[in-house]
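The values are calculated or read from the model by the stated rules, or taken from the named source; none is laboratory data. What you see is a predicted model; the values in this text were computed from it and never measured. Note that we place each Cβ from the backbone using ideal geometry, even for glycine, and neighbour counts take in every protein chain shown. In case anyone asks, the SASA skips ligands and DNA or RNA and just uses the protein heavy atoms, side chains included. Shrake-Rupley method; radii C 1.70, N 1.55, O 1.52, S 1.80 Å.
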Amino acid sequence: MEINKKILMPSKETRQEKFGRTLSFISISAIVVLVALILYFIISKGVSTFTQNHVNLWDFISKQDWSPSTIGKDGKPEVGALPMIVTSFSVTFLSALIATPFAIAVGIYMTIIGPKKSRGFLQTVVELLVGIPSVVYGFIGLTIIVPIVRTLFGGTGFGILSATMVLFVMVLPTITSLTVDSLNAVPKHLSEASLALGATRWQTIYKVVLRSATPGILTAVIFGMARAFGEALAVQMVIGNAILMPKNLITPASTLTSQLTTGIGNTVMGTLGNNALWSLALVLLLMSLFFNILVKLIGKKGKLK
Amino acid sequence: MMKIKKWSLMTAVVLMAGSVLTACGVNSASNNKITVVGSTALQPLVEEAANAYQAKNKGLSITVQGGGSGTGLSQLQAGAVTIGNSDVFAENQKGIKAENIVDHRVAVVGITPVVNKETGVKNISLENLRKIFTGKITNWKQLGGKNTPIEVINRVKGSGTRNTFESNVLNGETAVKAQEQDSNGTVRRIVATTPGAISYLSFSFVDKTLQPLSIDNVKPTDKNVETNAWKIWSYEHMYTSKKISENTKKFLEYIDSKEVQDGLVKKLGYISIHNMKVKRDAKNQIVH
Amino acid sequence: MINPKLANKIATGVIYGLVLVVIAILAALIGYILVTGVPHISWHFLTTQSQSFLAGGGIRDQLFNSIYLLVLTLIISFPIALGAGIYLAEYAPKNWITEIIKTTIEVLSSLPSVVVGLFCYLVFVVQMKIGFSILSGAIALTFFNLPLLTRNIETSVESISDLQREAGLSLGLSQWKTITGIILPASVPGIITGIILSAGRVFGEAAALIYTAGQSAPFVDYSNWNIFSDTSFLNPLRPAETLAVHIWKVNSEGITPDANAISSGSSAVLIIVILLFNVLAHWIGNRLYKKMTSSK
């Protein structure tokens, strides 16, 4: 009887297992619920520009005049978000493009070729950078980068170029630290095997370590771009924040996020002016989804077989 | 057994967290709490006044936050806050039913055009100022200054400062597409460091890093605002719903008192509402 | 065809070059903030209340609020992120649902802070009537922290060699026990990095807090330990301006004559606090690591 019971009852391990599995499942569910909530919130608010205020979706993504609270020449409110979409896109893309090689170099240095002492130092510096408030980045950009761009390239110094440079520094810590994580996660025996076969260190890094860390590095880039997308206060001070189609890298422009941040406090909820701003948030969401999928596709192509 | 124990523990924790949250909810709805939200520019004044007022009236709790004039008014309309601070007339804010709320004007703010010091211009006609902001004059040379292109720094659409400036200067014309910044501090920094820049600021933010402009030889001073010789000024409003508690009423009376109007209001760079020789309505017309 | 040895040299050179550039930029940046800020730091600056319009205000309350907010945020977000990270690394089935979950979490981190701030304002501050408070601020910051922290814990857990898992399982331990007893202790250093990074984000965030924790610093009594009292410094339901919000406020609408000094002084203090937190976290992490893995 006793033995029978013991065998039929779930063991202590099984119960532990169930408990742990449930606990971790609850956590992930909590996150999913939170994410779903906020996504629903943004989508419902962002869509109402088109459903309630009857703005033409095509006008929204193709026209260049943005002034939702005034009536334009054709008798409709001006809600053309194209300049901001283009600017957000270029700023994010450029800053991630510049930051990635640097982040990978620092990552390789910190995990493979650098002396151990310098690793801790670099790590600390990178971690410090995350905590500097955007406002401070903005002011430093305004007092140092904008004048430099002005003297080197002409114009007023405000524009995509300055914004890219500020964002480059801001996304660097995120990309670097996640890259370091994924480089660390590459099993040691892989690189040892490669070195044992007589490959040089660079061959090992390039053909083995980087290849197997690729998915992780791509996630790092995604998080970096996400930070660039969402940044407002710093960008807005150095980009000029003018809703104009960017002609080149040194004319004032404006990103989705900076329009959103500056405008949202001055509009009343439920009006077109406010809804249009939520639509910008929706565009931002879709764009970052697009970037995300794109990067993942690239990652799949280059995956180790 | 163990499983049951842990589960009950977890449920207990969740329940406790829930009850703490609801308890807080009940607390904050009580009557001696005043929540003020809105205009970032007005926030320091109301916050200081609230601190002084709370020191005298124990048991009263006043929370003053920013968030922008639009937020203040829409949250007041939604019934989420007691007082909505605004730099603009509720009548001019889209989506607000101004007839349902009550305006309390607590101070006046003067606004002056400012330029970068290197431009070499100190006085301008209203006509030319309009031409700059509508993009018809593009170089300081045309106004007798240096040969520098004009860089217009505008304020964010819908902000109180921009509304005031445009209704007094632009005469119904549309402003040129230009940079838009949302705070006095940032504008001051940009104008001070960018050659050829022009923008406009509240009086209290003008310092020696910038050159304020006189318009048609009228200087931007408090005295000129009080007599309306200087036209670019606006009210700072504290809006409430029609029915307000005794505590809220007393707090608003305190802000209107001589103590605050001659003290804090002046110290923070505003002009006392009592000193104004003229009154304006929401359509920017002088009322007698 | 370049020979492999030459390529090796060139590549190493390029890596060193890039690292040097990064170090130069970072050193200049941090140096700039410290050089302009440190002269303004004094005991008086750290221990007095802030001023709205007079010179000589300090940052006592803001500094405390930043730290308190960080603690609360970590209390809320760390357990959730830990559970979620473990789930994704160890339990999640490899299918499209998991992929979607991962993607949405990543997308979440790209939301502008003002959007998250307003969302939390409408839901927690107004709907749930928590009011402008440190708690609301902590909830808002949890939204920022979760993606990065979850991702970080997931990677650190994944990076532990499978040998360790097999060892645990072969001892007859449940998978859960293996994770909590073997895998987690081994991934402590990685997790600490994640905590430090998210702490940095908490210290530096401003836009989301304006709508949740608020931008005013009402009177706070540091001798009042009653957590339910309005003036108690421990009350999580009081509005609280953090250091980053204070820097933002002083720069954008502040009219104190010494706004520049306060701003650069506060930035320097912030960097120093993050540095201290960093050192402390690494120290605790190392001790934990040694104790839990009983390695030397």
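Quick notes on this one:
- Chain B, accessible area per residue, ligands and nucleic acids excluded (1.4 Å, Å²): 45 Å²
- Separation of alpha-carbon centers, the range C:89-156 and the range C:62-80, rounded to whole Å: 15 Å
- Label-point separation, C:Ala28 to B:Asn217 (7 Å along Cα→Cβ), nm: 5.0 nm
- The DSSP beta bridges internal to the range B:110-226 are antiparallel in roughly 55% of cases.
- Span-like helix ranges in chain C, DSSP H, alpha carbon extent 20 angstrom or more, Kyte mean at least 1.6: C:4-37
- Taking max minus min of the alpha-carbon positions on each principal axis, the range C:174-296 gives extents of 60, 34, 26 Å, largest first.
- Model label sites at C:Arg287 and C:His44, defined 7 Å from Cα along the beta-carbon direction, differ in position by 3.7 nm.
- Percent antiparallel among DSSP beta bridges (both partners in the protein assembly as shown, rounded to 5): 60 percent
- The amide H of A:Thr267, built 1.01 Å from its N in the peptide plane, has B:Gly70, B:Thr71 as neighbours under 5 Å, considering only residues 5 or more places off or on other chains.
- Relative contact order of the range B:110-226, pairs being alpha-carbon contacts under 8 Å that are 6 or more residues apart, as %: 43 percent
- The contact between chain A and chain C removes approximately 7300 Å² from the accessible area (both sides summed; 1.4 Å probe; ligands, DNA and RNA excluded).
- Protein accessible area in the range C:202-250, 1.4 Å probe - carbon and sulfur %: 69 percent
- Chain B and chain C together bury an accessible surface of about 2500 square angstrom, both sides counted, with a 1.4 Å probe and no ligands or nucleic acids included.
- Averaged over peptide A:79-91, the number of partner chain Cβ atoms lying within 10 Å of each residue's Cβ comes to 0.
- D_trans [Stokes-Einstein, Kirkwood Rh over alpha-carbon pairs] for the range A:117-262, 10 °C, 1.306 mPa s, µm² s⁻¹: 92 µm²/s
- Positive-end extreme of charge dipole, the protein assembly as shown - chosen from B:His104, A:Gln259, C:Ile67 (charges on Cβ): C:Ile67
- A simple count of charges around B:Leu60, restricted to other residues whose Cβ falls under 12 Å of its Cβ and scoring Lys, Arg +1 and Asp, Glu -1, yields +2.
- Those lysines that a straight Cα-Cα span of less than 21 Å connects to C:Lys94, excepting residues fewer than 8 apart in one chain: A:Lys18, A:Lys296, A:Lys300, A:Lys301, A:Lys303, A:Lys305, C:Lys102
- Stokes-Einstein diffusion coefficient of the range B:110-226, Kirkwood radius over Cα pairs, 10 °C, 1.306 mPa s, in µm²/s: 114 µm²/s
- Spread of Cα-to-Cα distances over 5 Å intervals beginning at zero, given as percent, for chain C: 1, 5, 9, 12, 13, 14, 13, 11, 9, 6, 3, 2, 1, 0, 0, 0
- Residue-averaged 222 nm ellipticity for chain C, from DSSP H runs of 4+ at -39500 (n - 2.57), nearest 500: -21500 deg cm²/dmol
- Of the trypsin sites (Lys or Arg not before Pro) found in the range A:1-82, those in coil by DSSP whose Cβ has at most 10 other Cβ atoms within 10 Å are A:Lys73.
- Taken across both chains, chains A and B shield about 2700 Å² of accessible surface from a 1.4 Å probe.
- Farthest towards the positive end of the charge dipole of the range B:110-226, among the residues B:Pro149, B:Thr174, B:Gln211, is the Cα of B:Pro149, using unit charges on the Cβ of Lys, Arg, Asp and Glu.
- Label-point gap, in nm, between B:Glu173 and C:Thr98 - each point 7 angstrom along Cα→Cβ: 6.5 nm
- Of all lysines in the structure, those lying under 21 Å Cα to Cα from A:Lys76, and not within fewer than 8 positions of it along the same chain, are A:Lys45, A:Lys63, B:Lys94, B:Lys157, B:Lys177.
- Reduction of at least 30 Å² in accessible surface, 1.4 Å probe, comparing all protein chains with the chain by itself, residues of the range B:187-225: B:Arg189, B:Ile190, B:Thr193, B:Thr194, B:Phe205
- Calculated FRET efficiency for the pair A:Lys301/A:Asp74, C-beta based, R₀ 41 Å, to 0.05: 0.35
- Cβ-derived FRET efficiency at R0 60 Å, A:Ile293 paired with C:Asp258, nearest 0.05: 0.75
- For residues of A:209-219, the mean tally of beta carbons on other chains within 10 Å: 1
- B:Lys279 long-range amide H proximity, modeled H, under 5 Å: B:Val287
- Computed on the range C:24-180, with alpha-carbon pairs under 8 angstrom and 6+ residues apart, the relative contact order is 24 percent.
- Summing Cβ point charges (Lys, Arg +1; Asp, Glu -1) relative to the Cα centre of the range C:1-145 gives a dipole of roughly 260 debye.
- With contacts taken as Cα pairs under 8 Å at a separation of at least 6 residues, chain C carries a relative contact order of 26 percent.
- Placed amide H near B:Asn139: partners under 5 Å, 5+ positions off or other chain: B:Ile150
- Percent accessible area from carbon and sulfur atoms, chain B, protein chains only, probe 1.4 Å: 54 percent
- Over all Cα atoms in chain A, the spread is summed up by Rg and Dmax: 24.5, 91 Å.
- Contact-buried residues of the range C:191-212, at a threshold of 10 Å² lost accessible area versus the chain by itself: C:Thr193, C:Ile196, C:Leu197, C:Gly200, C:Arg201, C:Gly204, C:Ala206, C:Ala207, C:Ile210, C:Tyr211 (1.4 Å probe; DNA, RNA and ligands ignored).
- The largest accessible area among C:Lys291, B:Lys94 belongs to the first residue in C:Lys291, B:Lys94, and the rest follow in falling order (1.4 Å probe, all chains).
- Screening chain A for whole DSSP H helices with an alpha carbon extent of at least 15 angstrom along the helix axis and a mean Kyte-Doolittle hydropathy of at least -0.5 yields A:12-51, A:82-108, A:116-130, A:160-184, A:210-230, A:272-301.
- When both the range A:60-95 and the range A:22-38 are represented by their alpha-carbon centers, they are found 35 Å apart.
- Average projected area [Cα convex hull, the protein assembly as shown], square nanometres: 41.5 nm²
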